[in-house]
Structures are given as structure tokens and as C-alpha cells.
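Input: a single structure, listed below in C-alpha cells.
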Amino acid sequence: MALRLLMLGPPGAGKGTQAVQIARDHAVPKISTGDMLRDAVASGSALGMQVKETVARGQLVSDDLIVALVRDRLAAGDAAAGFVLDGFPRTEAQARALDTLLDGAPLTVVEISVPDEELVRRVRGRRICESCGTTVSAFDGDPSVAQACRNCGGRLVQRSDDSETVVRERLKVYWRETEPMIRFYQDRPTFRRVDGARAPRDVYAAIAEAIGSVAAGR
Ligand code: AMP
């Protein structure tokens, strides 16, 4: 069955990592608005120039711009059978726009919750492979993790918006703009919350169970 899944939760909750695996399991694309914006900034496109400063400060780009980006991406053929959305929606206006785009298609919503101090610790230690985009934690205890990607040997770098100051700003934005949006979904029968302060495989199992229970109407 087609999976249309929203992964909600603060920066550092593990949405991206879990979204990769869940998307692979269901053979649907993972659509991350953060990745799309970072690609645009890296390529120096007009969109990239427009959003560069906002992303660097950890603030939200405009709803109109993001909704247009997602509308185009969802219209691509590979999203017809489903998708995993990571980092969108982040405001109630975006959530309402998504409902309009989906036009009644069923949507599973999973929120990953993690305490703030744990998020700051995780995000400060997060490194991303320059070549393949794999995310690793520099707190794994293995010093090599800070040097080369286990997957492809690529260079591991810190996202420029993962500095402590910007992370705290992103968390502030999250609690102000995004967390209230969760109320928009939380009374739906297809909404589930999972505890994200656990090992990634346990969080993965909880998400898989949540998806299964929504599909079964439990
Ligand atoms: P992320 O990788 O999801 O943490 O996103 C990185 C940055 O991209 C955010 O801090 C925002 O500046 C911007 N961004 C990503 N998704 C959205 C969105 N849905 N609405 C507004 N800004 C976004």
C-alpha cells in the first residue's frame, strides 16, 4: 500500500536518519525540504541565493516559497506512489497547504519527541558526509567517525547551521512555530508519537509499528 508519511519533530530528533530507512523499506522517495534548500544554496541557484541567509541563521524561509517547492516535488512521478516528508510542514499554514495538495489522500503522521538538551548535544556532534550525505554522530566513541564516512570514505563535515548558537535558535523557532502546528494533526486517528530518546534501531522499530498500526486502523 502507498505510504504517505510525515516525520515531525525538532532538529536532531532523528527524522532524517529514520526517513531514509523508512523510505527505502516502502520504495518511496524521502523528500527533505532542508536537503532541497541546502542543494540550492550549494549550487548557487536563484533559489539558493534567496534562502542562504535565512537558513544560515536557523530561521524559517517563507511559507509561499516552501509550499511551491513541495508542490513541484510532489508532482514528480516518483512521488505518485507515496513519500516520506522530512522537515515539512513546519507551520500551520504549510500544514493546511499540504492538506490541499493531498486532496484527501491518506496521510500517516509520526512525531519523534526528544528532550531539548539531548537535541543540542546530538546536533552539535552531528557530521554529514560531503559525498553521500550520510549523517553520523561524532559522539559514537569511535574517533574515526570524526574523520571519514563509514559508507563511502568521504569527508565528514559539520552543517554550518549545526553550531550551538544556530541550533539554539532553530530550537526556539521550533517551539514557537512548529510545535504548535502539531496540534493541527494530533487529534487525527493517523497521528502517532514515538519516544526518540533511544537507540536509532529502537526508534526505527517504534516508527515501523506506528505505521503498521495506522495502516491496520488500530
Ligand atoms: P532541516 O534540514 O530540516 O533542519 O532544515 C534546515 C533549514 O532549512 C531550516 O533551519 C530552515 O531554515 C530551512 N527549512 C527547511 N524546511 C523548511 C520549511 N518547511 N519551512 C521553512 N524553512 C525550512
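Read the figures in this text as sums done on the coordinates, not as results from a lab. All values derive from a computational prediction rather than experimental measurement. For neighbour counting, all protein chains shown are included, and Cβ atoms are generated from backbone atoms with ideal geometry for every residue, glycine included.
Determine the dipole magnitude for the chain: charges of +1 sit on the beta-carbon of Lys and Arg, -1 on that of Asp and Glu, nothing else is charged, the reference point is the Cα centre, and the result goes in debye to the nearest 20.
Values: 30 positive and 29 negative charges, 49 e Å.
With Lys and Arg at +1 and Asp and Glu at -1, about 240 debye.
Quick one: give the max-minus-min coordinate of the C-alpha atoms of the range 92-132 along each principal axis, largest first, in Å.
40, 30, 18
Given H placed on each backbone N at 1.01 Å, which residues far from residue 3 in sequence or on other chains put an amide H within less than 5 Å of it?
The answer is 83.
Only residues of the range 1-25 count here: report those whose backbone N is under 19 Å from the spot 7 Å along Cα→Cβ of residue 158, or say none.
From the range 1-25, the list is 11-14.
Compute the separation of the alpha-carbon centres of the range 42-66 and the range 149-218 and state it in Å as a whole number.
Going from one Cα centre to the other spans 21 Å.
Please report Rg (one decimal) and Dmax (integer) in Å for the Cα set of the range 160-204.
13.8, 38
Can you find, among 11, 129, 94, the residue sitting farthest towards the positive end of the charge dipole of the chain, where Lys and Arg contribute +1 and Asp and Glu -1 at Cβ?
About the Cα centre, the residue reaching furthest to the positive side is 129.
What per residue convex hull volume, in Å³, comes out for the chain when only alpha-carbon positions are used? Mind showing how you got there, number by number?
Numbers: hull volume 26.6 nm³, N = 218.
Dividing the Cα hull volume of the chain by its residue count gives 122 Å³.
Apply the Karplus curve 6.51 cos²θ - 1.76 cosθ + 1.60, θ = phi - 60°, to the phi angles in the range 159-176 and return the couplings in whole Hz, x for Gly and Pro.
The phi angles translate into 4, 5, 8, 9, 6, 4, 4, 6, 4, 5, 5, 5, 5, 4, 4, 4, 5, 7 Hz.
Using the Karplus curve 6.51 cos²θ - 1.76 cosθ + 1.60 with θ = phi - 60°, work out ³J(HN,Hα) for each residue of the range 109-123 in order, rounded to whole Hz, and write x for Gly and Pro.
Those phi angles translate into 10, 10, 9, 9, 10, 8, x, 3, 5, 5, 5, 4, 4, 5, 5 Hz.
Okay, which of the range 81-99 sit inside 13 Å, backbone N to the point 7 Å along the Cα-Cβ direction of residue 215?
Only 82-83 pass the distance filter.
Provide the gained length on full extension for the span residue 118 to residue 96, in nm with one decimal, where the gain is 0.36 nm per separating residue minus the Cα-Cα distance.
Numbers: separation 22, 0.36 × 22 = 7.92 nm, distance 3.03 nm.
Length gained between residue 118 and residue 96: 4.9 nm.
Using only the alpha carbons, work out the radius of gyration and Dmax of the range 11-139 in angstrom.
Gyration radius and largest Cα-Cα distance of the range 11-139: 15.1, 43 Å.
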